[in-house]
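A short write-up of the structure that comes next.
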Amino acid sequence: MKIIALRGAGSCGKTTTLNLVYDDLISKGAIVSVPKNQVGGDKKDFESILTYRGKNVAIYTMGDYSNLTIKAIDNYASLRVDIFICASNTRFKRPIKKILTFSNDIVIKSVAIISANRIFENTKDANTIVGLI
């Protein structure tokens, strides 16, 4: 399994960006294998599995919880998905140590200096992640 991790501080747009990744993949013809399932208390946090260009791609957005992120990595590795895309909070060490034991790409979350640029930065990061699949 290859992991694409979007790393950033809490509340910097990781979940929003991964929702953009999901929407972009669907618009490009990805097939939903496992529908979006809300995880945690934030309505925007989800997990799902898509089939995109012949690969099983899992997305898990709840990266602000160390233990849950590690459990998700283990779970999707056991399901043998090809690519696992996740959020990962820079405040935690254990998830990144686990991520680095897999083939991986780490994307550092871009943060807009002014709020008007948030959409641009999130979209840029989402495009980077889709390009890594």
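A few comments on the model shown:
- Here's the picture: a label point sits 7 Å out from the Cα of LYS55 along the beta-carbon direction, and within the range 61-104 the residues with their amide nitrogen under 13 Å of it are 81-86, 103-104.
- J(HN,Hα) series, the range 18-30, from Karplus relation 6.51 cos²θ - 1.76 cosθ + 1.60, nearest Hz, glycine and proline x: 6, 5, 5, 4, 4, 4, 5, 4, 4, 5, 9, x, 4
- Per residue, the average separation of C-alpha pairs within less than 8 Å and at least 6 apart gives the range 1-75 a relative contact order of 22 percent.
- Within the accessible area of the range 22-133 (1.4 Å probe), percent carbon and sulfur: 53
- Our helix-only sum for the chain, with -39,500 (n - 2.57) per DSSP H run of n ≥ 4 divided by its residues, gives a mean residue ellipticity at 222 nm of -11000 deg cm²/dmol.
- Relative contact order, percent, the chain [alpha-carbon distance under 8 Å, six or more residues apart]: 37
- Packing, taken as the mean count of other beta carbons within 10 Å per residue, orders the peptides 81-90, 26-35, 41-50 from highest to lowest as 81-90, 41-50, 26-35.
- Radius of gyration and Dmax over the Cα atoms of the chain, both given in Å: 13.5, 41
- What the phi angles of the range 72-81 give under the Karplus curve with 6.51, -1.76 and 1.60, with θ = phi - 60°, is a coupling list of 5, 4, 4, 4, 6, 5, 5, 7, 6, 5 Hz, glycine and proline written as x.
- Under 5 Å from the amide H of VAL107 lie the amide H atoms of ALA5, LEU6, ARG7, each residue being 5 or more positions distant or on a separate chain, with H modelled from the backbone and absent for Pro and chain starts.
- Bridge type composition, the chain - antiparallel percent by DSSP, nearest 5: 40
- Surface analysis of the chain yields an accessible area of 52 Å² per residue, using protein heavy atoms and a 1.4 Å probe.
- In a reduced charge model with +1 at each Lys and Arg Cβ and -1 at each Asp and Glu Cβ, the chain shows a dipole moment near 300 debye about its Cα centre.
- In range of the label at ASN117: residues from the range 76-110 whose backbone nitrogen is under 19 Å from the point 7 Å along Cα→Cβ: 108-110
- Ranked by how many other beta carbons lie within 10 Å on average, peptides 61-72, 96-107 from highest: 61-72, 96-107
The values are calculated or read from the model by the stated rules, or taken from the named source; none is laboratory data. Just so it is clear, the model here is predicted, and its values are computed rather than measured. Don't worry about glycine lacking a Cβ; one is built from the backbone with ideal geometry, like all the others, and counts go over all protein chains shown. Note: areas computed on protein heavy atoms with side chains; ligands, DNA, RNA excluded. Shrake-Rupley method; radii C 1.70, N 1.55, O 1.52, S 1.80 Å.
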